């Protein structure tokens, strides 16, 4: 009898505690729902009181003519052709003699201190040849009439070492620095030093050329 009474007391107490927890959870959920409802109502009233300053939605066939060319407006870049020549010296091409370098290219000045480049270069002499074509950019340190610059190009090159019938070809890279004169004129003069290499191993090593050049931009 005592065991049954003890069991009944425990059962009643557990049911009471469980009901209290459910009531607490129900009260908490109700409070949360009321809080969310109040927030939604508050923002709805605030938005209704604000003046409608939003522009009408754009639709196909209904575009403001004033915006037709809005995002196509750009400033015009200054275009220049250039030609340069000078002595070149090969590395890992079995030749220590002076070579001859010729470069033809285009330059587009896209800002006071930046330009885009595209060029073709040929270095040759004494049974050695190196050709390269690439695109890249140039950065001027100042916007004054005379300014130092650095440049870099990425492209494709081919090299043939002296006394070898094999050629190395592949992607190439070029880096250089120099000085530009008469930048405020439509014609410029430049002196620079550049190093170009082909990213391809050859029997003598990775071929490359160092060039000192004088360039005319017109």
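One table, with the values for the structure above:
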read-out: Counted residues, the stretch 69-89 - those being more than 32 Å from the chain's Cα centre (by Cα) and surrounded by 17 or more Cβ atoms within 10 Å (Cβ to Cβ); value: 2
read-out: Residue 119 vs. criteria closer than 30 Å to residue 204 by Cβ, touching a residue at least 12 places away in the same chain (Cβ under 8 Å) and surrounded by fewer than 18 Cβ atoms within 10 Å (Cβ to Cβ); value: no
read-out: Members of the stretch 161-197 that are over 30 Å from residue 111 (Cβ atoms) and free of Cβ contacts under 8 Å to residues at least 60 places away in the same chain; value: 165, 166, 167, 168, 169, 170
read-out: Strands (runs of 3 or more DSSP E) lying entirely in the stretch 70-189 (those with 2 or more residues that are touching a helix residue (DSSP H, G or I) at 6+ places or on another chain (Cβ under 6 Å) and modelled with pLDDT of 95 or more); value: none
read-out: Pairs with Cβ under 7 Å, 6+ apart, first in the stretch 54-81 and closer than 30 Å to residue 117 by Cβ, second part of a loop (DSSP other than H, G, I, E, B) and modelled with pLDDT of 80 or more; value: 80/218; 81/218
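The values are calculated or read from the model by the stated rules, or taken from the named source; none is laboratory data. What you see is a predicted model, and the numbers here were worked out from it, not measured in a lab. A quick note on method: Cβ atoms are made from the backbone with ideal geometry, for glycine too, and the neighbour counts reach across all protein chains shown.
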